[in-house]
Amino acid sequence: MSTRLTKRLWDGILIGVEKGKSVLRLTSVICLVMKRLAETNFFMWFSVFLSCFAIGTAVASEPVYIGFDGAYSPKTSTSAQAIELGTQLAISQINGAGGVLNGRPLVLVTKDNHGIAARAKNNFIEFAERPDLVAVYGDKYSAATVQTMGLSNELSMLSISVWGSADPISENPSEYPFVYRLSLREKWAIPAMMQHAKARYGADRLCEVMPQTAWGRSGDRALAANLERLGQTVTFAHRYKWGGTGFTEAIKSCVRSGGQAVILIANEQEGAQWIKAMAALPPEQRLPTVSHWGVTGGDLHEMVGTAVNQVDFDVVQTFSFIHNKRPQAKALSRDLLADIRFSTVESIINPVGIAQAFDMTHLLAMAINEAGSTDRVAIQKSMQSIGTYEGVIRTYTQPFSDTNHDALTAEQVLFVRPQADGALFPILVK
């Protein structure tokens, strides 16, 4: 065997081993020493070669992990399941095409934060302790993501929101370089909701109903910042706590104040209470409501039934499979319809959660390959140099930069009307 070929073979093996976990780097040293001892004996050389080749191959195929910390426990929420589904579908595609880093499969690891920010912090720390886990996805509970932003710097761990919309998540990339988002944000959502109320319902006088959370405070700031520009005023504001019951008095106060439409921030439980309270009033007192998307992150239709047909209730979104002509969206819908849970595109739950997690996973895989390793600092830097990807939601061309950590833009904002069967039909722009 030629000296040149021998050197290439050994170099390849040792590089493969060196790219593995630190616990295996000792093996690299052992292989190097044994190689030198065996160079004078072909049979010993060949035996050592096979052993170290096997080690290098095993390391090359070890998984690369993505963490997802979702609120699985709330009985009415389906957002965590949708994000997991979208991520797994993307992972299946990526692994089917060879995985990342020359043959390493992606694997999703999940934890349940129960929708509690303190639990999310503990889960984030546990994720960061896992070797070869390169990023942690967050779900629709913005407060949980906001609570872990400081940890992302401390632990050099990518924190990626694939449903949260609170502005603080991505508004300071220089302060939180490891925090990214592929999702809606209040900066676009709230002005769009206000404009929708004005264009569709002629509403210049608004009532705002928002939770006493980081999400609610972010929404309130965005609304106040756009009132003068849009020529609108707030006649009544109501703040509520998660788990609170009853909105009838708030609705009546809005009517008495002269409000013409309501800007609502809520999740599915509060959204269901709002719809039922509104539907129970006389028709002349039922105000049109433009809601944030948290209401569609669960079994809203099962909680309200046909009451949703008795009110004007429009919801902001970033994506819909219905009437979507984008080839990538059609392809993903076909994959989803192979699942026995879905019979039509209208029956696909939480489309934004599925689509956003799907696209983000493909972008993350590109960053991993660009970095050439599972080093989290290297991957964070590679996020800024992602090339072009034809996603389900949009075409992404260098979606992130040093000054922008949002992969979506205001152009993706659209509105849907929830149906009694759970479908979310897009409202066509006239």
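The values are calculated or read from the model by the stated rules, or taken from the named source; none is laboratory data. The structure presented is a predicted model; accordingly, all values stated were derived computationally and were not measured. For neighbour counting, all protein chains shown are included, and Cβ atoms are generated from backbone atoms with ideal geometry for every residue, glycine included. When the accessible area is computed, the model is the full protein with side chains, heavy atoms only, and any ligands, DNA or RNA have been set aside. Shrake-Rupley method; radii C 1.70, N 1.55, O 1.52, S 1.80 Å.
Please work out the ratio of the alpha-carbon Rg of the stretch 197-271 to 2.2 N^0.38 Å and round it to two decimals. Each step should come with its number before you reach the end.
Working: Rg = 12.2 Å, N = 75, 2.2 N^0.38 = 11.3 Å.
Here the answer is 1.07, to two decimals.
Taking a threshold of 24 Å on the Cα-Cα distance, which of the pairs K75/K140; K187/K325; K140/K187; K187/K252; K187/K330 fall above it?
Details: K75/K140 15 Å; K187/K325 27 Å; K140/K187 16 Å; K187/K252 29 Å; K187/K330 29 Å.
Distance filter (> 24 Å) returns K187/K325; K187/K252; K187/K330.
Here the chain is treated with +1 on each Lys and Arg Cβ and -1 on each Asp and Glu Cβ, and its dipole about the Cα centre works out to around 420 debye.
What is the percent of Cα-Cα separations in the stretch 298-430 that go past 24 Å? Counting pairs separated by more than 24 Å, the tail of P(r) holds 40 percent.
In the calculated pair-distance distribution of the stretch 80-194, the portion above 19 angstrom amounts to 49 percent of the Cα-Cα pairs. The simple Förster model, with R0 at 45 Å and r as the Cβ-Cβ distance, assigns A97 and Q212 a FRET efficiency of 0.45. For the pair T397 and D421 in one chain, pulling the backbone fully straight at 0.36 nm per residue adds 5.0 nm over the alpha carbon distance.
Evaluated at q = 0.06, 0.09 Å⁻¹, a Debye calculation over the C-alpha positions of the chain (equal weights, vacuum) places log10 I(q)/I(0) at -0.30, -0.60.
The residues of the stretch 315-393 present an accessible area of 39 Å² per residue when probed at 1.4 Å with all protein chains retained. For the stretch 293-368, the equivalent ellipsoid derived from the alpha-carbon gyration tensor has semi-axes of 26, 15, 12 Å in decreasing order. Spin-label model, S253 to N309: label points 7 Å out along the Cα-to-beta-carbon direction sit 3.3 nm apart. Mean projected area of the Cα convex hull of the stretch 156-240, taken over all directions, amounts to 6.3 nm².
Starting from a Cα-only point model with no solvent, please compute log10 I(q)/I(0) by Debye for the stretch 219-359 at q = 0.11, 0.13, 0.17 1/Å. Listed by q, the Debye log ratios stand at -0.51, -0.68, -1.01. Placing R0 at 45 angstrom, the Cβ-Cβ distance between A280 and D335 gives a FRET efficiency of 0.65 after rounding to 0.05. If you roll a 1.4 Å probe over the chain with all protein chains in place, what percent of the accessible area is carbon or sulfur? Carbon and sulfur together cover 53 percent of it.
Where the convex hull is taken over the Cα atoms of the stretch 146-297, what is its projected area averaged over directions, in nm²? Could the numbers behind the result be given before it?
Numbers: hull surface 37.2 nm².
For the stretch 146-297, the mean projected area of the Cα convex hull comes to 9.3 nm².
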